Structure formats: structure tokens, C-alpha cells
1. Only one of C:ASN208, C:ASN230 is crowded, with 24+ Cβ neighbours inside 10 Å and part of a loop (DSSP other than H, G, I, E, B); which?
2. With the condition kept exactly as written, say whether any residue in segment C:329-339 is at positive phi and out of contact with any helix residue (DSSP H, G or I) (no Cβ under 6 Å at 6 or more places or on another chain).
3. Would you confirm whether any residue within segment C:701-720 is within 22 Å of C:PRO470 (Cα to Cα) and basic (Lys, Arg)?
4. Restricting segment B:11-37 to residues that are touching a Ser or Thr at 6+ places or on another chain (Cβ under 7 Å) and part of a strand (DSSP E or B), which is surrounded by the fewest Cβ atoms within 10 Å (Cβ to Cβ)?
5. Scan segment C:419-435 for residues that are in contact with a Phe, Trp or Tyr (Cβ under 9 Å, 6 or more places away or on another chain) and buried (at least 21 other Cβ atoms within 10 Å of the Cβ) and jot them down.
6. Quick check: anything in segment A:215-238 of a type in the set (Lys, Arg), touching a residue at least 60 places away in the same chain (Cβ under 8 Å), more than 7 Å from chain C (Cβ to nearest Cβ) and out of contact with any His (no Cβ under 8 Å at 6 or more places or on another chain)?
7. Scan segment A:195-212 and tell me whether some residue there is in contact with a strand residue (DSSP E or B) (Cβ under 8 Å, 6 or more places away or on another chain), closer than 27 Å to C:GLY84 by Cα and not in a loop (DSSP other than H, G, I, E, B).
8. Regarding segment A:240-260, can at least one residue be identified that is more than 14 Å from chain C (Cβ to nearest Cβ), of a type in the set (A, V, I, L, M) and not in a loop (DSSP other than H, G, I, E, B)?
Amino acid sequence: MNETGQRPVEPIVGEPDSELDSAGRITTLALASLMAFAVIGYFVGLADGVPQPSGIDSEPLLKGTHHPAKADSKVVAAVTYSEISNVPMGPSVAWQAIPKSLPKSAHEVQPYDLFAEIKPSESDKEKSNFVRASRRAFNGAPPVIPHTVENTNDAACYSCHSNGMRMEGLKASVMSHGFLANCLQCHAPPPPKPFEKIDSSVRSRFVGLQAPKAGERAFPGAPPTIPHSQWMRENCHACHGGPNGWAGMESSHPWRTNCTQCHAPSATLDQAIPAQGLSMLPPIENSTRE
Amino acid sequence: MPISGLVLTFDDTVANHRESMAALRSEPAVTVGVASGNRVAIVVDSQSKSHDQQIWEALRALPGVVSVGVAFVGMEDAAEQPPYAGSHEDASPPHEVHNLGKK
Amino acid sequence: MMDVQRRALLKVAAMAAAGSAVSLGNPFPNLPVLGADDLPETDKLSWKKAPCRFCGTGCHVQVGVENGRVVAIAGDKAADVNKGLLCVKGYHVGGILYGEDRLTHPLLKRDGRYVQIGWDEAIEIVAQRIFKSPATFAFYGSGQWTIPEGYAAQKFMKGGLGSNHIDPNARLCMASAVTGFLATYGVDEPAGCYADLDECNVLIAWGNNPAEMHPVLFSRFTDRRARGENVRLIDIGTRRTRTTDAANDYLEMKPHGDVAIALGIMHLLIENGNYDKDFVQKHCAFRGAEATTPTLQGEAISESEFRKRIAKYTPELVEELSGVPADQIRMLGDLFGNRNLRITSLWCMGMNQHTMGTAVNSLVHGVHLLSGHFGRPGDAPTSLTGQPSACGTVREVGTLVHALPGGLLVVKPEHRAKSEELWNLPSGRINPTPGYHTLQMFEKFCTPTNEGGDIDTLFVQVTNPGQSLPNLSKLIDGKVGLEDKFLIVSEIYPTATTQLADLILPAALWVEKNGMYGNSERRTQQWFKMVDPPGEARDDCWMTIAIAHRLFELGHDGMKDKDGNFLFAVKDDAGNEVPIWEYEHYYDINVDKHLFEEYRKFSVIKHKNLAPYDEYVNARGLRWPVVEQPDGSWRETMFRFAEFDDPFVEKGKGFDFYHSTSGDGRAQIWFHDYAPPPEVPDEEFPMWLCTGRVLEHWHTGTMTRRLSPLNRAMPTAYVEMNPDDAKAANVRQGEVVVIESRRGSTELAVWINGRGRPPRGTVFVPFFDETKLINHCTLEAHDPFSKQPDYKKCAVRVRKLSKVTQ
């Protein structure tokens, strides 16, 4: 357990080091906090089995490493109310520096070009398929959440997943459906932090529906049909296009937006065919031909 | 041999376009369905793509029709078709289309 | 070439798409385009409807079946309840069939070990025990029984054995809701329906966490905000939950505070004079409990007497009793006093698992009646159920110790006579004395026979009392060592209950059999068998019928009707009896349909009219009363007792509570004095314990603990603690502690500021984990009318493991 999850601000306040590059700094901080935890864990282990409350106390993890913030860089000096109008308020220099120091997203490194030529790679597709399948009980199931979620509300989910994002090696997938409240109603999170190490494996013979490899084409060159249900996957570009889709599944023509104009969905998978004929329709056999 | 579900929109209520409706009904490839207000649902079951194209053009030319909307397209099974030889021409002979609405 | 049939189907689909575009006024919806390979019912993958197996919401799912196995689940877009959406349990419901440890053979305990036996032998053993001593046999069932399963068990016990020792686990979950409805309206089940969630301006969750327990209903309401609607959610609870996260107001109450809050609202409505005088005068009467021996009916009191009694429940007193600040009580009073708003109340276990369960249910109905927030869409007091057929099978079929199908009662001679007539039984077959309710049943079973324990054979179907009963040390563990007691358990997986079983019968589950369920909003649902059960597993309904038939063969008179025919005789169209007691012939005919059509005759007696079986085949459920129209169609009812929708309310009357206990078409507004909980924290046991569920697991976890995405999300039970309590107890995140009550203890890992955030002095433990049985700690104190125990509050202490072991 990395205890810093409980108070993400503190290490940044404690360890300003302008010489390190941004990624290095984060690694250092993570290491420092890991070490802090290890040290605590060591003493806890030696103690009478009565460890101190952790993650909830208000004291710093390591005595002596908690430096007061440097007024010049981090904190705007307190002023009287009468002076407020004359003092530049707002984010401090250090605060403003943080986003700049974060690793650049792939998008920033190389702006997304809607009209770039795309040649989907089979091996990428296989890899993407594998990752996708590993997060679903069957094709069409809402994916489970691959990262920690703690006291998170819907807004936090949307901040990354509404349009998706990339940062270094990580990719937040784009929501394939519209706004729905209560994300965790459908997407199961990983175990709560205190119970991460508990074996949660189950023994099951359930074999879920596999994801289709590709849609069928009426003839070579014809637009493929959509091999999966469109329900909850209204946004085709979530996976098949845009800067944050799945590698190997990209559309070669992402500028075209009316996908179903050419790609036929499946009425069966989409529950589009009513169980019974609609009463308002004439039966086909007795058509109104004259 | 496409099957498509189309929605024809007239510039006035369907009831005021009897001649066009009669023309529609006389076309064997067209099945006329429910009509409501100035819209009518039809199914086109054509024998070939070119035939389909001809019907489409005829529908658009039908007096009073302001738009033809596609609600449904049925594709056919690739396996059941002879392989295409790279030609974009439809192999099947052209079919005569009734002179819809053109008296 | 495309074959003719396919072309015809394509044309139907094409016409459907074009036709619906015309009739909906939207010429170009989502362009449903169809590929020739995607026609329905291909050999590869077929989709069929079924209600979800889990909670009482009653979502419909589409079940994808390939090669005889369930491979996928989708939300059913045609379903009115869920409109295509599901929750994380529903999406993974298909996996419940495929846990590796499914029970596949009857197992008999011999010399402390289980041996596989055949079904003939198993049925013989059960039948012989019942034949020898029918009076000491009890049947413990479930709100997860399908309607035909419950009906068969009901008829077998009350119509066959003449015994009323049949009770369901629903006794533990919604019995107080039933008594609340009966006391108020004279007839069970909500007047409103889920459509109220689409119409209300204010939703009040009374001790209820629908964000986790009924998520599809919850998001049906909260998604309205995303559509720009201004709706207000008020969460009245004993701890912060995910519902609180979405709430506009959070009213934190002390346990039992709900009683005081309801009284406080009524006090304010009277005091401010903004109650609905017209509605109350025309359609309501006042009731209070008798001074000496209170009954469910109570006694009539005048409005001035009601005013006198309610006068003391000022916002200040309510604040003292409930812990909710007086100004928030006034806020609630003002909301209910505003007739321009539409207010819906939701509750579930919080108000039902309550030693004042009947009282608080009646009081909340009273708040809605007094304020006139009743009988308009969006104005409804609605109790939710936790099991898929708590309403359908338990409340409507009446699988309770005192009830007969269709809302009839065993104590009423005319009800017994009517049932005997419909079942074609000799007069006097049905026993007039209610049997042992759940707590008594298990107490009698776990007490030695020579000490008055006069139940010696207990048949448990479709539930897991070894985990879900309160005070397990007394009510379950007492069985160990009692050699003459025989426990028969029909189950799908090994559970805390099968551990104690003498005979385990492997059961078919969900879409491995035909079934019908009834959800919280009076909606009766139907599904067909889609896949075969594993191994020798068989339908629960078949088990009951097979046992009955073996008794019939042995010469038990109860298994014959008046004419000497078998109680469950089913004839085919040619008039020949189908031997449905032989499993290989069970599906020769639709037994569900036969039982349902027989049961349906009971439903019309108390205006709970059900439609013919075939109507349900074609629908995504129908809300009763379902009444035939002049054109032969069947119309469901969304809002009961209100003229605009209920076919049984005479035109011009406005409202009619046609089963009113006062016999004059009026609903009863009850007064009950606040009484403290049966056990409150003290020096020795200083904390409140509340138990409940989490989103990912359902009930005792028998099914959800075998689904990887769910068990990964919540691999263990835990104890939720307030950070300050944790600090004071010197325990840290994840540390294992001991929770102790006067009755028992269990070890649990601590979760500080976890899924829920309890206030100081309260801990919360979910009950799904079979390895950490919190019900060793809970108490069996129960409501005097509903006999439902209070799982939501008792006194415990939290101790460090090191201190306990030292």
C-alpha cells in the first residue's frame, strides 16, 4: 500500500527539486514515499503489534522531512483584506509550473492529424483485442476498471474518459456511450485499496462471447458490416478513430462521421427487430399492390 | 438484390397525392406500408443494383415527393453471390422500370 | 441466392424500420441497416428475454445463448423497467450458471461424509420422512422461488399436508412492508410504480441506498439531471453512502430516527395547516394502536385525537430523538406541505428490518396520505424489494405461515373454503392456525425434540439461511449434534447452509428452467428455459411435485383432491395425464403455464388480477391488476386506487381504497409513538452495528462470489469505521479486528472512509461474505406484527485482534 494516495499534495510541497526533470521528480517522490512507508512498516513490524493508525493521522509520515513551504515559490503571502485588490492572486508560480512539468501527452508531442494516412496494423489490432478482452467477461460487457478508484465521483471519471487522453504510456479510453450518471453502477472497480492483496480469483467455467475479428464484407472493397452491438457503443470513434482510439482498430477515414451510412449494424445484436410484427404494418404477404 | 425500407416525404398529406400513390402501388418491386401525415413507408425489393438505382431515381421524380429517406438497407450474402470479377458493372441485365408517375 | 424466407424476414424488418420512422415522426432514426447474416435466431447465437436473477428491481436482460451455453448478456431495450440499462451484477448474471463447484448430484450425508445417490433414492428419503410425520415437517422457501415453484410448495403444504409450516426468507426482508401496506390500505403492495421516478420533483430515500442496491432505478432518477431537469434527492440515512454523494440534502439520523422524522413531518403538516384537508376528509381515516393488546388493524381514532397525540412531536423533540436538526425537519414539512411538488419516497431494508417496521412503514404512508402526495404520477410512497420475486412469489402467492394465494388468510373460514374450492379439496383440509414463522421454525428445528423442538425435517429451497438468519449461533448452529433432525437443502453451490445439510439436492438455476417472477412494482414476468442444467441438477418445482407424487403413491390422503386425483395432475390436450413427476417427462408440457393458470383464479379475489400466461410470454412483464378489455386485449395498471388509472375505482370517486380496513373505502393514517431500539450501545458494547449489502454482491454472495469482475471489485467483507473511532481504537486501515456483540463475534478487516462513511459510534458490515458471518452478532429481536428481525442496529464493540487473543 502506498500511503501517499491519501494525501497527494504533501510530497510535492516537501521536495522541490528544480534540477530533476519532471518524470524523474515523480519517480523520486514515489520512491521517497515508498521508502517512507517501508521505514514505517519496519518499525511497525518491530512494535508490539499495535501499529499506529495510518492514512488517517494528521502528522507527516517522516519527522523532519516536512519543510514549511517556501514563501517565494509556493505561497502567496497573506495580505490584509484591504490589500487584496492590489495583490496578484491566483495560482502560484510553483502551481503553474506543475502542469508544464507533467509528461506531455502523445497528442501534444505529435498533434493529431485527422487526414493522415492510416494503415491499421494487424499486430496492433491483436494486441488491442487482447487488452480489451482481458477487461471484459464477454464481448459487450461493460469493461472493468483497470486502475484504482477511490472515493471517486462521476466528474472525476469524465475528466479523463469523456474525450480520452494519453500520457506517456497510458491511455484513457474514450467513453463509447453518452453521459450516464453513476459510472460504477456498470463498471466494476478493482478491489478497494486495503483489500488489494486478498485473493479474489474465482473458479468458473463461464466462457464469454468472443469479440469478432472483423465485420463481414459483401465483396472485396465493400464497407464491412458492424460485427458487434451498437448499444452503449454509439460513439464509433471512441474505439475506431480519433487520437485516443484502439491501435489497429482505427478507421482509415476518421473524418467521415456518419458511420452507419455505409457500415450496416446488426439488427439482432441491436434488438432492432421487434419480437412480434408491429401491428400497424401490413403483413408482407398481403401487400397493397394492385 | 437489395431490399430497402424507405420513407417518402410528400409536400402535402399523402391523401392529396393519390396519383403518385397509385403509381407506387403499381410498381411490383415496391410494397407500400403505413402512411401518416405527409410520409409513407415503403419497401423496395429490387432485382439488381441498377434496378434499385432506377427505382430510386423514379421515386425522387414522383410528383409531390420532396425527399426519399433511407430507414433500412438489406445487404446480401457475399457467399451466395458469384465472385465479382473486378468489374463495377452489374452483371444482371437492366430491368424495365415502370414509368412511375410520368403519364 | 437468398432464400425466400430470409427475403420475407428482411422485408418485415425493412417495413418495421420504415414504418416506425413514419409513425414516430422521425424520418431518419439511427438507420438500422441489416446484413443478411444478422437475421434473428441463427444457429450460432440466439437472444431471448428473461428478468435478471438478482434483485427486486426486475430488469429484463437479453440472454445470448450459443451452443447450449449462455455466453453474453445485454440490457433489454424493450423493457420498461430498465430501458436497456443494467447494473454491474446484471451484466454478469450469465456467469452464475458456470461456477466450477456447481452441485450436480444428490448428496446424502452418511457417517459424516457425503455420498452421491440417485434422484429416486433422494425423493424416497424425503417422502418417507414426511409420510412418517407430516406435522413435524417444515418448508423454508424464498423470494427467489419462481411463482410456479412457490405456488407448488404452497399447495403441497397447505392444500396437501394441511400444514402451515411454510415460510420464506422474505420474512427477513420485507415482511414489515407487507404489514405496513395491510395496516394502511387493507391490501398489500405499492399503489405507484417506477414511472413515479420519472415524474417526481423530490425523491426521498428513507434509510435506503439505491445507488448501490437498486442502481438501475437510481440512475433512472439521477439521469434526469443530465437531461436538464431540476430534481431534488434527499437522503435520510445513518451513514454516508453513494446515494449521499448524489443527494442534494443529507439528513443523518440516529438508528430508529426515521420513526421520529415521519411523526415530525405529520406534526408540522397539522400545525401549519398545510395538509391536504380535502383528500384527508374524503379518503382517509385515523388509526392508533390499542392500549392493551395492539393488533395490525388497530382502532379508529378521531382527527382531534390524532392531533392531540401528534402534538408532542415538535421539530425540537424530533431533533432530540432522531439527531436530525429541527430546521431540516421543518424543511421536510415544508416540502410535503407544498402540493405543487411531486414527492416519491423509497425505502427498503432500512425501514423493514426494524423492530418498529410496521409502525414506520405505516407512518411514511401516513405522511403521504396526510399531505395528499398520493395517487398522482410522481407522488407515491413506494417500498422496494430485495429479491426478484419477493412480491410475485411470497406476497402474491402467499407462501407465508398465515396466507393463502391471492391475499387470502388461513384464519378466515371463507378464505379457506374458497381455496379448498379452487383446489378441489375436501372441506376442512386447510389448517386454520398459522404455522411457525421463520424465526420460530429455525428455533424449533434447532431445539432438541424432547425439549419442545417439534420440527424435525426441514426442506430449504432457493435460499441460504445458514448465512442470512440473525443470531446464527442460536438459530442455525443449534442443529449440530441433534441426530433426529434432518435438513434437506436444494442448492446450486455449496453454502453455509449445505454445510449442515443431511441431504443436498442439486437445483436448476434461472434460465436452466422455465420461470416467472414478480418485481417491486407489481410486474409479473415470464421466461423460458434456454440451457440445460449441469449434471443431475433439476427444477425445484419438479422436486416438490416428485415428492408429492411419491407421497401419493405411498397412500398419503392429502396428495389427493376430492375426486381422488393427484394434487398436481396435469393433462395434455388429449386429456391424458402427463407423468410430470418423472423428470424426463417434466418438459413434455409447460408445467409453469399449468400452475400459473390455476393460481390465476385466486388473483381476481382481491383485485390483483393476472393475465393469462401467454400474455406474459409476449410482454416484458405486466403490472397487475391486468384487466381484459372489450377488444380482448389486456391492460396493466400503473397507479392503483386512483380513478384515472385503476379500473376498479368507480368513475367520479377520485380515489377508492377498495380493501379499506374500515370498510368505507378510506386509507388509514396511523399514529405510533416513538419507542427506542431493543438494544442500544452502552459502556460494554459502545458501537452501533448496521449490516447490509454492497453494489457488487447480492445477498449471501452464493452467485456473485463466483463472478470474477464482481469478486475482484469486492473480494471480502469488511467493517466500515469512522476515522476518529479507528484512531481511538488504535486500529489502522486493513487491520483485522474482532466485532463482538452479546451473541457472537466475527473477525473483519477495517476499512476507514470506505465505500460508506459512518458517523462516530457506528460501524457497518456487509453480510455477503460466507467466510465472515456477521450474523453471529446480529440480534433476532423483531417487529411484533411482521416478525421481521432488526438487522440494522445492535450494540457491538470493536477490539484489536491482539487484545482478544491475549
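1. Working: C:ASN230 fails: crowded, with 24+ Cβ neighbours inside 10 Å.
Answer to the check: C:ASN208.
2. Taking segment C:329-339 as the starting set, the residues that turn out to be at positive phi are none.
Checking segment C:329-339: not a single residue is at positive phi and out of contact with any helix residue (DSSP H, G or I) (no Cβ under 6 Å at 6 or more places or on another chain).
3. Taking segment C:701-720 as the starting set, the residues that turn out to be within 22 Å of C:PRO470 (Cα to Cα) are C:701-705, C:716-720.
Retained after the next criterion (residues that are basic (Lys, Arg)): C:705.
Checked segment C:701-720: at least one residue is within 22 Å of C:PRO470 (Cα to Cα) and basic (Lys, Arg).
4. Initial filter on segment B:11-37 (touching a Ser or Thr at 6+ places or on another chain (Cβ under 7 Å)): B:25, B:29, B:31-32, B:34, B:36-37.
From the residues that got through so far, the ones that are part of a strand (DSSP E or B) too are B:31-32, B:34, B:36.
Values: B:THR31: 24, B:VAL32: 21, B:VAL34: 19, B:SER36: 16.
In this case the residue turns out to be B:SER36.
5. Going residue by residue through segment C:419-435, those that are in contact with a Phe, Trp or Tyr (Cβ under 9 Å, 6 or more places away or on another chain) are C:419, C:422, C:429-430.
The answer is C:SER419, C:ILE430.
6. no
7. For segment A:195-212, residues in contact with a strand residue (DSSP E or B) (Cβ under 8 Å, 6 or more places away or on another chain), closer than 27 Å to C:GLY84 by Cα and not in a loop (DSSP other than H, G, I, E, B): present.
8. No, segment A:240-260 has no match at all.
The values are calculated or read from the model by the stated rules, or taken from the named source; none is laboratory data. Remember, it's a predicted structure, so these values are computed and weren't measured experimentally. Here the Cβ is made from the backbone with ideal geometry for all residues, glycine too, and neighbour counts use every protein chain on show.
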